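Below is one structure; the comments refer to it alone.
The values are calculated or read from the model by the stated rules, or taken from the named source; none is laboratory data. These numbers come from a predicted model, not from an experiment. Because the Cβ atoms are built from the backbone with ideal geometry, glycine has one as well, and the counts that use them run over all protein chains shown.
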């Protein structure tokens with residue numbers, strides 16, 4: 001069973017973010033990077049499926065030269081080989097552009113299963129996986145909590161609203177967008193890190209894949225949210241004040 005896992009390099013969650021001079025993205029110099037957390041859960045799901053059913057796990061990423069570290073991390077955790085579509089300005093490609101790059105790279109691979117995270121920690125579009133499925137002509141499902149491999153098909157458990165779940169049967173090959181938190185993430189062992197250095201990482205470019213950057217959407221401006229302070233005094237009886245307070249916490253602050 002050949003499983004491809006799409007992984008993305010994103011700024012570390014504890015990194016200090018500053019808006020770049022042109023106002024269209026963040027300053028990337030001296031930033032620490034890590035694997036996108038939802039993609040880490042997709043990788044863990046792929047590794048667990050490999051351990052149960054055999055085959056190989058291929059890590060796929062799109063990004064500048066430094067994104068190779070994300071592939072190496074996946075290899076250290078147990079992926080068998082990697083594909084790095086190296087683009088210095090990955091932001092020149094929108095979600096559809098990135099999906100086209102990955103679809104072109106995966107055409108000769110013919111994977112049985114493609115796994116992605118539900119969304120990225122930096123942009124959060126949640127579109128690349130489903131676009132990739134459409135381009136590859138694969139059935140797909142999102143918000144996946146569990147995967148059960150059957151003879152020539154899979155049964156997946158999807159998370160719905162208000163604690164409800166849905167079981168869906170899909171033929172293989174297929175694409176799944178994995179929900180975060182479905183399992184405990186593994187750490188890369190010292191032996192795994194050493195072995196990762198010997199594993200194959202195939203490097204490709206957009207030019208080699210015949211995909212050009214012609215984004216249908218682009219980032220116009222990035223800015224921190226405005227800080228607004230407002231004080232409102234609630235009057236009435238204790239019961240009335242409590243009811244109004246609960247209403248505001250639920251519908252305005254959305255903390256209840």
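A few comments on the model shown:
- The residues of region 27-55 include none that are part of a strand (DSSP E or B) and more than 22 Å from residue 118 (Cβ to Cβ).
- Filter result for residue 155 (closer than 24 Å to residue 112 by Cα and either buried (at least 16 other Cβ atoms within 10 Å of the Cβ) or modelled with pLDDT of 95 or more (or both)): yes
- Test: residue in region 207-222 that is within 18 Å of residue 57 (Cβ to Cβ), surrounded by 14 or more Cβ atoms within 10 Å (Cβ to Cβ) and at pLDDT 90 or above: no
- Selected residue (only one of 170, 113 is under 18 Å from the mean Cα position of the chain (by Cα) and modelled with pLDDT of 95 or more): 113
- Note on region 56-73: residues that are out of contact with any helix residue (DSSP H, G or I) (no Cβ under 8 Å at 6 or more places or on another chain) and part of a strand (DSSP E or B) total 1.
- There is no residue in region 138-150 that is loosely packed, with under 14 Cβ neighbours inside 10 Å and under 14 Å from the mean Cα position of the chain (by Cα).
- Inside region 195-234, residues that are outside any loop (DSSP other than H, G, I, E, B) and in contact (Cβ under 8 Å) with a residue 12 or more places away in the chain make up a count of 8.
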